[in-house]
Amino acid sequence: MLKHLAAIRHIRWWEDAAAGSPVKDLVRIFKDMRVRFQGLKPLSVWAIEFLCHFCMVHTANRQTLPMGPTFLRVLQLLAAGVFLPGSIGLADPCDIPSNFLSNITFEEMDSLCSTAQTLVRVISHGGHARVMGTSPENIDVTVTPTYYMVDGERVVVTPLDKAYDPTLMTTQKPAGQEAKAAAH
């Protein structure tokens, strides 16, 4: 029941925030990318809508960004790890104490971040068509290394390996911490 009420609040917020805005087109692009790139699947439609709106509207001079810079800004925000544990993240404007991706696993967070980093690297080397899905080659740039010519030089963009290792994520205190805690 609470999820349904939250969904209604999200819809109302989105209708008000996106009225007459080009952000709807950007949301369509990211929904398509979520289907094409496995690492973006943890993003819910609501998270995509809010991220696109946030990146388009929240600027230093309060002027709406054009769609191109907003597209890159969304990817850069994801690549910077906005949803990783320990980051500030973005608060849901409809459910203040909650975070957008509080229900995804560490592996999915890592995949989301590394996928966005790879996509930013591909775009920076001229691979816009491959990221947008308009390239004649049907290559998943987040899985397959891609080649680009930049200033006469051949550049290879290799997808990132996963960074999350569950064996390193323990909650045990380092050796010696127990003795310090007992002394106090």
I need the full set of residues from region 44-75 which are among the aliphatic types (A, V, I, L, M) and closer than 22 Å to GLU108 by Cβ, in order please. VAL45, ALA47, ILE48, LEU51, VAL74, LEU75
Mind checking which residues of region 104-134 are of a type in the set (A, V, I, L, M), within 30 Å of ASP151 (Cβ to Cβ) and touching a residue at least 12 places away in the same chain (Cβ under 8 Å)? ALA116, LEU119, VAL120, VAL122, ILE123, VAL131, MET132
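Every read-out reported here was derived from the displayed coordinates using simple, explicitly stated rules and does not represent laboratory data. Since this is a predicted model, take the numbers as computed values, not measurements. Please note: Cβ atoms are built from the backbone with ideal geometry, for glycine as well, and neighbour counts cover all protein chains shown.
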